[in-house]
Amino acid sequence: MNKPLLIGLHLGAAILGIDGFLWLLGELFAERVHVTRARIAGLIGLFGFIGSWLLGGYYYLNYYGSLVKPGIVAGTAPWAHKIAMEAKEHIFLFLVPMAFVAVAFLFVDPIMFESLRVKKGLRFLTATIAILGLVIGAMGYIISAAARWAV
Amino acid sequence: MNKIKFALSATYASILSIVVAVFLTITAELSTPFKDILKSLSGHHWRTKSYLVLITFILGAFVFLILTLRSNPSEKTIRLATIATTIVALLGAIVITGFYILHFINI
């Protein structure tokens, strides 16, 4: 498979995931949440992260370990793999369950959703999903930079 | 009401799956035999961790749903559960990153 395309699709899906949850975060600040729009944003975010997990996982399992990792570990920035990549690949495992939780709350009856006042907790959760996504993205940039220039 | 109970069950299951992810990550780094077991189950330790996190989340959600259906969760419980998920995820991310930093500098 075309490796740059695979990485591009992995990144694109992750950006879709982050943007979906940033959009949802904005929706959750509305006095009365527009349920349909919030659900669309949440589902875009959830499926973005699922897609990123599958595409990134395929790349990691089939190409990264044999083609990219040896160069980084032998180069001038081995920490890019030993800290950034190791943290990235494991923290990513949190995102899909967290994203599913956020979306599950959006499918609660809208009247009950407003009356339960879970919006504040959901805002924290949604913001954390987006922030973790962005941090993982930054780690991805570090790994790519190390693979290109740290040799 | 069942949808809110389902969402609450998923919240508990996500906390459990994050704890499992952190446990598997750190234990596999500290114990080579444990990492080898993870590798032998699917061909790669990360693939096995991914499967185990997903299985924990799905099974956990079903088990917590059965337990939650018998109770009447309060508004406070639901709100605290979403905040707990956030805190556990942030702590998990800090623990994993901190562990790999310390591991790298041999502390």
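Quick notes on this one:
- Considering residues of segment B:24-49 that are surrounded by 19 or more Cβ atoms within 10 Å (Cβ to Cβ) and in contact with a His (Cβ under 9 Å, 6 or more places away or on another chain) only, the residue farthest from A:Gly65 (Cα to Cα): B:Leu24
- Residue tally, condition over 14 Å from the mean Cα position of the chain (by Cα), in contact (Cβ under 8 Å) with a residue 24 or more places away in the chain and within 30 Å of B:Ser42 (Cα to Cα), over segment A:21-61: 3
- Counting only helices (runs of 4 or more DSSP H) wholly contained in segment B:1-69, the ones carrying 2 or more residues that are out of contact with any Phe, Trp or Tyr (no Cβ under 9 Å at 6 or more places or on another chain), within 23 Å of A:Leu125 (Cβ to Cβ) and not charged (D, E, K, R) occupy B:2-30, B:45-69.
- Within segment A:125-134, being surrounded by fewer than 19 Cβ atoms within 10 Å (Cβ to Cβ) and touching a Ser or Thr at 6+ places or on another chain (Cβ under 9 Å) holds for one residue alone: A:Ala127.
- Scoring A:Lys120 on the criteria (1) within 16 Å of A:Glu27 (Cβ to Cβ); (2) at pLDDT 95 or above leaves a single failure, condition (2).
- Search result, residues across segment A:23-77 that are among the acidic types (Asp, Glu) and in a loop (DSSP other than H, G, I, E, B): A:Glu31
- For segment B:64-99, filtered to residues that are within 7 Å of chain A (Cβ to nearest Cβ) and touching a residue at least 12 places away in the same chain (Cβ under 8 Å), the residue that is farthest from A:Phe100 (Cα to Cα) is B:Ile96.
For (1) modelled with pLDDT of 95 or more; (2) over 21 Å from B:Tyr51 (Cα atoms); (3) at the interface with chain B (Cβ under 7 Å from one of its Cβ atoms), each residue gets a yes or a no:
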position	(1), (2), (3)
A:Met85	yes, no, no
A:Glu89	yes, no, yes
A:Leu95	yes, no, no
A:Thr126	yes, yes, no
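The values are calculated or read from the model by the stated rules, or taken from the named source; none is laboratory data. Since the model is a prediction, treat every value here as computed from it, not as a measurement. Here Cβ is always computed from backbone atoms with ideal geometry, including for glycine, and neighbour counts include all displayed protein chains.
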